[in-house]
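What follows is a short report on a single structure.
What follows is calculated from the coordinates using simple rules that are stated; it is not laboratory data. Fair warning: this is a prediction, and the values are worked out from it, not measured in the lab. No Cβ is skipped: glycine too gets one built from the backbone with ideal geometry, and neighbour counts run over all protein chains shown.
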Amino acid sequence: MNVNTGEQKSIEWYRRAAEQGDTDAQVHLAECLENGIGLEKNEEEAYKWYRTAAELGHAQAQRSMGDHFFGENNREAARWFEQAAKQGDANAQHKLALCYLRIADLYSRMGFAYAEKIATYEKKAMWWYRIAAKKLGPRVQVQLGGYLMCCKGFEKEAAEWFQKAAEVGDPMGQFSLAECYEKGVGVEVDEQTAIHWYQKAAEQGLSPAQRRVDAYLSAGCKFTDDAKRRFLP
């Protein structure tokens, strides 16, 4: 491992401050230990400092603790993500929603006797997903829209999230919104609007959108001259 003098000096100061209870320094030290920056990689010690900072209320450390348990112990992950989420950490809010969905899925595999718990965790998941989507933008908005499309009665809201993502140029948002208009899911059927959004997504190189544009062009539907130049042979 190559370590420069500047990095070593920084680590010394991080460690001193961390030992005195500075939570920012504890997180910086944990990151260095986790990634082998300025000293030998030591995930066990990194975990210790993340946990110390998390227990003192540091949101980033709480999110890191959630990441540590995510997938293996989603209840414990959710406990840490929730603490960070309540402090406004958008990434923790997103991860908390995913945790709750995983817990709901676990109960769904156990049978209808757990229907109430499934509904509770799905409701909590949607609460945090909506909050995170407003902050994290198109990627999470498209994810949320996709999930809502699978929930009866939420198609209109799903289309609204796709619209938000589409309007800022996200190709998957544009494609998903186009599908809504093509099929009349969450919105009224509108072929020209569907074509508009398929074209936007296709121009960004999204292959499923390009195939839909090609199909519409082959059927003689109206497109801009630019679209015809791009997609017609």
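If a residue must be under 24 Å from A178 (Cα atoms) and surrounded by fewer than 17 Cβ atoms within 10 Å (Cβ to Cβ), how many such residues does the stretch 104-135 contain?
Final tally of qualifying residues: 2.
Among what's in the stretch 136-145 and is over 17 Å from A159 (Cβ atoms) and free of Cβ contacts under 8 Å to residues at least 40 places away in the same chain, pick the residue that is surrounded by the fewest Cβ atoms within 10 Å (Cβ to Cβ).
R139
Quick test for you: out of K164, K95, pick the one residue that is within 18 Å of the chain's Cα centre (by Cα), under 24 Å from Q62 (Cβ atoms) and in a helix (DSSP H, G or I).
Of K164, K95, the one residue that is within 18 Å of the chain's Cα centre (by Cα), under 24 Å from Q62 (Cβ atoms) and in a helix (DSSP H, G or I) is K95.
If the requirement is being touching a Lys or Arg at 6+ places or on another chain (Cβ under 8 Å), part of a helix (DSSP H, G or I) and of a type in the set (A, V, I, L, M), which of these qualifies: A201, A178, A159?
Going through A201, A178, A159 in turn, just one is touching a Lys or Arg at 6+ places or on another chain (Cβ under 8 Å), part of a helix (DSSP H, G or I) and of a type in the set (A, V, I, L, M): A178.
With the checklist (1) farther than 21 Å from K95 by Cβ; (2) in a helix (DSSP H, G or I); (3) aliphatic (A, V, I, L, M) in hand, flag the one item V185 doesn't pass.
Of the numbered conditions (1) farther than 21 Å from K95 by Cβ; (2) in a helix (DSSP H, G or I); (3) aliphatic (A, V, I, L, M), the odd one out for V185 is (2).
Looking at (1) surrounded by fewer than 17 Cβ atoms within 10 Å (Cβ to Cβ); (2) part of a helix (DSSP H, G or I); (3) more than 19 Å from the chain's Cα centre (by Cα), which one does D67 not meet, given that it meets all the others?
(3)
Output the number of residues of the stretch 161-207 satisfying the condition of being out of contact with any helix residue (DSSP H, G or I) (no Cβ under 6 Å at 6 or more places or on another chain) and of a type outside the set (A, V, I, L, M).
Number of matching residues: 12.
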